[in-house]
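Student: My questions will all concern the structure given below.
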Amino acid sequence: MNILAPSILSADFWNLGEAVRQVEQEKVRWLHIDVMDGMFVPSISYGMPVIAGLRKRTELFFDIHLMIERPERYIQDFADCGADLINFHIEATEQVEETIAAIRALGKKVGITIKPDTPVAAVEPYLELVDMVLVMTVEPGFGGQKLIPQCLEKVREVRAMVAAKGLSIDIEVDGGICAENVAEAVAAGANVVVAGSAVFKGDVRGNVRTLLAQMG
């Protein structure tokens, strides 16, 4: 099943609750929440208080994308504030297996992420340990970028690697996804699609319907 995970990074924060309510009305079940620390990536976004506040108002599946250095420091905090899946960059820590284990120990699903310049071979040792691999299709840290087409080949490689091992894990894409390229991302092997501007700019409910129709 293909899943749309709207990224609140592109939402209007004055009306964040209303934006989330609108995607819920279109039967979206995931929310992608980007946490940026100004160190691993240049931008700073939001943290635990925002997530905890949203958790009180919605039962959506929270896909927490940690773009932070040494994410192992904060696993307990993000679990406590309402994460369902905690996804971290393998480039951000030297304790990949330990971080995976810490997330598992808290009863949460685990994702690992790679940036556009990171080879897909970097995730292979961990495929049996995780629930999802996120292939970034832009450089992490800013919303509104254009998808890097070459990254879709990396999605194909990860999908082939997962299939060769007989695994059943999700493959997520994030960055520059819009109505014009979402079908291509799904065809490459992604079954979880993050979209920010393509959802929250303009007619939110109409945008969701358009993306879901293109995803199949």
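Student: Remind me, relative contact order of the chain in percent, using alpha carbon pairs under 8 angstrom and six or more residues apart?
Tutor: Once divided by the residue count of the chain, the mean separation gives 22 percent.
Student: Search the structure for amide H atoms under 5 Å from the amide H of residue 46, placed 1.01 Å from N in the peptide plane, and list their residues when 5 or more places away or on another chain.
Tutor: Under 5 Å from the amide H of residue 46 lie the amide H atoms of 36, each far enough along the sequence or on another chain.
Student: Kindly write out, for the range 126-136 in residue order, the coupling ³J(HN,Hα) from the Karplus curve 6.51 cos²θ - 1.76 cosθ + 1.60 (θ = phi - 60°), rounded to whole Hz, with x marking Gly and Pro.
Tutor: 10, 4, 6, 9, 10, 9, 7, 10, 9, 9, 6
Student: From the Cα gyration tensor of the range 55-146, with a ≥ b ≥ c the square roots of its eigenvalues, which class applies: rounded if a/c is under 1.5, or else prolate if a/b is larger than b/c, or else oblate?
Tutor: In terms of gyration-tensor shape, oblate.
Student: So, one more: What number of lysine-lysine pairs in the range 96-216 show an alpha-carbon separation below 20 angstrom, given a sequence spacing of 8 or more or placement on distinct chains?
Tutor: Going through the range 96-216 pair by pair, I get 6.
Student: As an exercise, use a Förster radius of 22 Å and the Cβ-Cβ distance of residue 150 and residue 184 to find the FRET efficiency, rounded to the nearest 0.05.
Tutor: Efficiency for this residue pair is about 0.95.
Student: Go through the range 184-192 residue by residue and turn each phi into a ³J(HN,Hα) via Karplus (6.51, -1.76, 1.60, θ = phi - 60°); whole Hz please, and just put x for glycine and proline.
Tutor: 5, 5, 5, 4, 6, x, 7, 10, 10
Student: Let me ask something else. Considering only protein heavy atoms and a probe of 1.4 Å, how much of the accessible area of the chain is carbon and sulfur, as a whole percent?
Tutor: It is 51 percent, rounded to a whole number.
Student: Between the range 153-187 and the range 1-68, what's the alpha-carbon centroid distance in Å?
Tutor: Between the Cα centres of the range 153-187 and the range 1-68 lies a distance of 21 Å.
The values are calculated or read from the model by the stated rules, or taken from the named source; none is laboratory data. Quick caveat: nothing in here was measured; it's all calculated off a predicted structure. Positions of Cβ are backbone-derived with ideal geometry, glycine not excepted, and every protein chain shown enters the neighbour counts. Side chains included, ligands, DNA and RNA excluded: accessible areas come from the protein's heavy atoms. Shrake-Rupley method; radii C 1.70, N 1.55, O 1.52, S 1.80 Å.
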